[in-house]
1. Consider the stretch 22-47. How many of its residues are polar (S, T, N, Q) and buried (at least 17 other Cβ atoms within 10 Å of the Cβ)?
2. Output the residue which, of all residues in the stretch 48-67 that are surrounded by fewer than 15 Cβ atoms within 10 Å (Cβ to Cβ) and of a type outside the set (S, T, N, Q), is modelled with the lowest pLDDT.
3. Kindly indicate whether Phe24 is under 22 Å from the mean Cα position of the chain (by Cα) and farther than 19 Å from Ala103 by Cβ.
4. With (1) small (Gly, Ala, Ser); (2) at pLDDT below 95; (3) over 30 Å from Leu153 (Cβ atoms); (4) not in a helix (DSSP H, G or I) as the list, and Ser73 as the residue in question, which single condition is left unmet?
5. Among the residues that make up the stretch 128-140, is at least one of them surrounded by 14 or more Cβ atoms within 10 Å (Cβ to Cβ), touching a residue at least 40 places away in the same chain (Cβ under 8 Å) and among the hydrophobic types (A, V, I, L, M, F, W, C)?
6. State which residue pairs qualify: first residue within 21 Å of Ser73 (Cβ to Cβ) and inside the stretch 148-163, second residue part of a helix (DSSP H, G or I) in any location, beta carbons under 7 Å apart, and separation of 6 or more residues or different chains.
7. Name the residue, out of Phe5, Phe44, that is in contact (Cβ under 8 Å) with a residue 24 or more places away in the chain, farther than 18 Å from Ile139 by Cα and in contact with a helix residue (DSSP H, G or I) (Cβ under 9 Å, 6 or more places away or on another chain).
Amino acid sequence: MSDKFNAFLRIIHWLMFILFAVIFVVGVVMVEFKETKPWAMYDFHKSLGVLVFLLVWLRLVSRWTTQVPLPPSEMSSINHRIAQGVVYLLYLLMIIVPISGYALSNVHGHNVDLFGLPLLKVFPTNPEWEGFTTSFHEISVYIFLGVFVLHLLGVIKHHVKGLDILRRIT
């Protein structure tokens, strides 16, 4: 068994990292300048969100159907369980955040396109739910960022301790 994740998982890991960084920056900018109605940024943000949602399912299927490297023998079982928990939370949030964004858009009466391809309106327009969906999406994003920071700190911690965790995904 290899001590690295397979090439597909490594590529999709870093591709999704880049996509999340772009989605977050575009999201912050579009909200900051919402008074000028930067609709193209909203469409781009939503398209990237749908793309990430599709990629996370592809990533999960690949992860379930391929062997993943065993944790380094030097890593304690508690640290491994914590790391797994953080990764599972990231996967869960990679599903929740795009769904909450889709709901937010639909509830506010807006459609979601995938780079110009119209997608189904899944959630009904409902002004009573606008505040909830907005807050839920924003809070989900900040929870995702917090869990991502935990993931990053864990990688740094193990790298500093001499464990080749980072090499497994590069």
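The values are calculated or read from the model by the stated rules, or taken from the named source; none is laboratory data. As the structure is a computational prediction, the values presented were derived from the model and not from experiment. Counting neighbours? That spans all protein chains shown, and the Cβs are built from the backbone with ideal geometry, glycine included.
1. 1
2. Trp64
3. Values: under 22 Å from the mean Cα position of the chain (by Cα): yes; farther than 19 Å from Ala103 by Cβ: no.
No; evaluated as a whole, the condition is false for this residue.
4. (3)
5. No: the stretch 128-140 contains no residue that is surrounded by 14 or more Cβ atoms within 10 Å (Cβ to Cβ), touching a residue at least 40 places away in the same chain (Cβ under 8 Å) and among the hydrophobic types (A, V, I, L, M, F, W, C).
6. Listed by first residue and then by second, the contacts come to Gly154/Ala83; Gly154/Val86; Val155/Ile165; Val155/Leu166; His158/Ile165; His159/Ile165; His159/Leu166.
7. Result: Phe5 is the single residue among Phe5, Phe44 that is in contact (Cβ under 8 Å) with a residue 24 or more places away in the chain, farther than 18 Å from Ile139 by Cα and in contact with a helix residue (DSSP H, G or I) (Cβ under 9 Å, 6 or more places away or on another chain).
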